[in-house]
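Please read the structure below before turning to the comments.
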Amino acid sequence: MTKPVLRFAPSPTGLLHVGNARVAMMNWLYARKHGGEFILRFDDTDPERSKDEYVDAIREDLKWLGIDWDREERQSLRQDKYDAAIEDLKSRNLLYPCYETEGELNWKRKAARQRHQPFIYDRKALTLSDDEIAALEAEGRKPHWRFLLTDGVVEWDDLSRGVCTFDTEHVSDPVLIREDGSLLYMLGSVVDDLEMGVSHIIRGEDHVTNTVSQILLYMAMGGKPGALEFAHMPLLAGPGGSQLSKRLGSLSLRELRNDGFEVSALVGLLTGLGASDKIEPASLTEVLEKFDLGHYGRSTPKFDPAELASLNEKVIHDMSFEVAKPKLEAAGLSDAHEEFWNAVRGNCWRVAEAVEWWGVISNQVIPQIDDEDADFLKQAADMLPEGELDGTSWKAWTGALKDATDRKGKQLFMPLRKALTGREHGPEMSAMLVLIGRDKACERLCGKAV
């Protein structure tokens, strides 16, 4: 079997987001699973919107996900290849000029909707005489250029959807060149796929109809039938099953990183959605061991930010101090130590949450003391074990208090927690008591803010 070649071709006009990150991961996983090649190809032919800062950001985000690449290409450096392809298609009358304005095309689309029919370009441009073309150009009109689809049936065996069959009479001739001479993505993509030997394309099912035109253009440029394989995967939906909102779908990886999400939570969710395996936090290397495109079903996977947060929480709860240390330092906790981290990580869904608990042990805390608990807490202060506190102190202390006061359960433990931490919930008090220390604990139990 020939080794597969796959590519990820982002436009550097913005940051990498959840949707295209999933596409990048699927292509990388397939390439690596089958010992193939993975190409990072920037679709940067739009000079006004493409920015080098986004090129750098996309590279950085891919590396954060765990994605590497064998080659990097930039379409802006390949214009001569596209110009040659354009001239070839024009010489064979496969690329033809159309003079309708955007307003006229919109009118045709509206008319098709009113007839409850899809808009199919009527190829009126092919019937124009030389005189009619001259008159249109005299008006100052500039043509856009469409690729003339071959009449007939296009069929391919999709790695995700199974056999797909389309009659081209139900597909519009695609626009490959805009009025201003700029290219739409398809022409450059097909030229590059051919020259770079791309063998597999994994993408969202919203591209299925585009694939009809892409296959025919690929063959018109010399590609062999069946040489290019496709997998069109179901698009992510929102938590309720509706179309993923723009707000969720456009979540950038940079935003997620800045918000404290761990890469293993994001990778585990995005690669696990739609698959038959249980969704767990994982690195791409771990996903690679069990990756199989056949494990992904046809049902619509639901992207739920709450599920991502839950996975992130699991990652944090299992995170060692060695891994957490640089993250704690980045959050401003350069003095945080292993004892502290092990005590508080179970109450954090992201590393930055530890800042609150560092404040509880290090900064001034206003004790929460109810009037009916004041005498009990003063008694508790008097009964604090002498000397340095350790992991056994809390149990011994509260046991003695229980015997002395007949308090138990919430009546015993909640006033102590509220006085010592100023909060009703938090990490295990056996660890927190040690971190707070005897002197500070004694003063808080007596109602002093320290």
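The values are calculated or read from the model by the stated rules, or taken from the named source; none is laboratory data. For clarity, every value in this text was computed on a predicted model and none was experimentally measured. Every residue, glycine among them, receives a Cβ derived from its backbone with ideal geometry; neighbour counts consider all protein chains shown.
Observations, loosely collected:
- When the stretch 272-309 is limited to residues that are without any contact (Cβ under 8 Å) to a residue 24 or more places away in the chain and buried (at least 16 other Cβ atoms within 10 Å of the Cβ), the one that is nearest to residue 17 (Cα to Cα) turns out to be 272.
- Matching residues in the stretch 376-429 - criterion: being more than 43 Å from the chain's Cα centre (by Cα) and within 20 Å of residue 358 (Cβ to Cβ): 389, 394
- Meets criteria (surrounded by fewer than 15 Cβ atoms within 10 Å (Cβ to Cβ), among the charged types (D, E, K, R) and assigned by TED's automatic domain parsing to the domain that holds residue 64) for residue 224: yes
- Screening residue 198 with (1) over 14 Å from the mean Cα position of the chain (by Cα); (2) in a loop (DSSP other than H, G, I, E, B); (3) surrounded by fewer than 20 Cβ atoms within 10 Å (Cβ to Cβ) gives one miss only, at (3).
- Failed item, numbered, when residue 80 is tested on (1) modelled with pLDDT of 95 or more; (2) within 20 Å of the chain's Cα centre (by Cα); (3) part of a helix (DSSP H, G or I): (2)
- Here the condition is being of a type outside the set (Asp, Glu), touching a residue at least 40 places away in the same chain (Cβ under 8 Å) and touching a Gly at 6+ places or on another chain (Cβ under 8 Å); of 146, 141, 78, 161, it holds for 78 alone.
- Residue check, residue 333 closer than 25 Å to residue 66 by Cα and either in contact (Cβ under 8 Å) with a residue 40 or more places away in the chain or not assigned by TED's automatic domain parsing to the domain that holds residue 263 (or both): no
- Counted residues, the stretch 308-328 - those being under 18 Å from residue 256 (Cβ atoms) and among the basic types (Lys, Arg): 2
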